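Engineer: The structure follows.
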Amino acid sequence: QVQLVESGGGLVQAGDSLRLSCAASGRTFSSYAMGWFRQAPGKEREFVAGISWNGGITTYADSVKGRFTIFRDNAKNMVYLLMSSLKPEDTAVYYCAARRGLRIEVIVHEYDYWGQGTQVTVSS
């Protein structure tokens, strides 16, 4: 299995940038597609961005397209989410997730492993 630990969250102002990191441990990390999800209080967890096993394909939610970038470094067992032009509606707990497959999926139940989350708060 895979263990995931997120870091990099914090309090920022609208328009700022922030980089989230996800450190993975376990076997065959390079064979897992990875995703970032977020969840605001009282709301469902939603897909933010995903990346295929080798980084060749990325997918983004419409709400973050053009502002967020997902990338990975398999040699370091790391996946990142670079967020720019942050908006108050981006405020949520952000989760790193992995699935036993090479391709990206956008629904929560397709992912097998989850980190504990990191809080991102964007003020006006």
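The values are calculated or read from the model by the stated rules, or taken from the named source; none is laboratory data. Owing to the predicted nature of the structure, the values given are computational and were not obtained by experimental measurement. All Cβ positions, glycine included, derive from the backbone under ideal geometry; neighbour counts span all protein chains shown. Protein only, heavy atoms only, side chains kept; ligands, DNA and RNA dropped before computing areas. Shrake-Rupley method; radii C 1.70, N 1.55, O 1.52, S 1.80 Å.
Engineer: So, taking all protein chains as they sit and a 1.4 Å probe, how much accessible area belongs to MET34, in Å² rounded to tens?
Structural biologist: About 0 Å², ignoring ligands and nucleic acids.
Engineer: Next question. Return a whole-number percent for the relative contact order of the chain, with Cα pairs under 8 Å and 6 or more residues apart as the contact set.
Structural biologist: Working: 327 pairs, mean separation 45.1, N = 124.
Once normalised by length, the contact order is 36 percent.
Engineer: Okay, next question. Leaving ligands, DNA and RNA out of it, work out the accessible area of ASP16 with a 1.4 Å probe and give it in Å² to the nearest 10.
Structural biologist: 60
Engineer: Using a 1.4 angstrom probe on the protein heavy atoms only, line up ARG99, ARG19 by accessible area, largest first. Each step should come with its number before you reach the end.
Structural biologist: On the way: ARG99 30, ARG19 125 Å².
Descending accessible area places them as ARG19, ARG99.
Engineer: How charged is the neighbourhood of ALA40? Take every other residue with its Cβ under 11 Å from the Cβ of ALA40, and add Lys/Arg as +1 and Asp/Glu as -1. Please list the in-between numbers first.
Structural biologist: On the way: positive: ARG38, LYS43, ARG45; negative: GLU44, GLU46, GLU89, ASP90.
Net local charge, ALA40 excluded: -1.
Engineer: Taking every DSSP beta bridge that has both residues in the chain, what percent is antiparallel when rounded to the nearest 5? Could the numbers behind the result be given before it?
Structural biologist: On the way: 38 of 42 bridges.
Roughly 90 percent of the beta bridges in the chain run antiparallel, per DSSP.
Engineer: Accessible area per residue for the chain in Å², computed with a 1.4 Å probe and the full protein assembly in place, what is it? Walk me through the numbers on the way to the answer.
Structural biologist: Working: 6410 Å² over 124 residues.
Per residue, the chain has 52 Å² of solvent-accessible surface.
Engineer: Taking amide hydrogens as modeled 1.01 Å from N in the peptide plane, which residues meet the under 5 Å criterion relative to THR91, leaving out close sequence neighbours?
Structural biologist: VAL122
Engineer: Once phi is turned into ³J(HN,Hα) by the Karplus curve 6.51 cos²θ - 1.76 cosθ + 1.60 with θ = phi - 60°, what whole-Hz value does each residue of the range 22-27 show in order, with x for glycine and proline?
Structural biologist: 3J(HN,Hα) across the range 22-27, in whole Hz: 10, 9, 10, 9, x, 7.
Engineer: Another question about this same structure. Pull out the extension gain between GLN119 and ARG19, defined as 0.36 nm times the separation in residues minus the alpha carbon to alpha carbon distance; nm, one decimal.
Structural biologist: Values: separation 100, 0.36 × 100 = 36.00 nm, distance 1.20 nm.
Separation in residues times 0.36 nm, less the Cα-Cα distance, equals 34.8 nm.
Engineer: What are the ³J(HN,Hα) values, in whole Hz, obtained from phi via the Karplus relation 6.51 cos²θ - 1.76 cosθ + 1.60 with θ = phi - 60°, for each residue of the range 67-72 in sequence order, with x given for Gly and Pro?
Structural biologist: 10, 10, 9, 9, 8, 9
Engineer: With a Förster radius of 30 Å, plug the Cβ-Cβ distance of ARG103 and LEU82 into 1/(1 + (r/R0)^6) and report the FRET value to the nearest 0.05. Present the calculation step by step, with values, prior to reporting the outcome.
Structural biologist: Working: r = 22 Å, r/R0 = 0.73.
My answer for the efficiency is 0.85.
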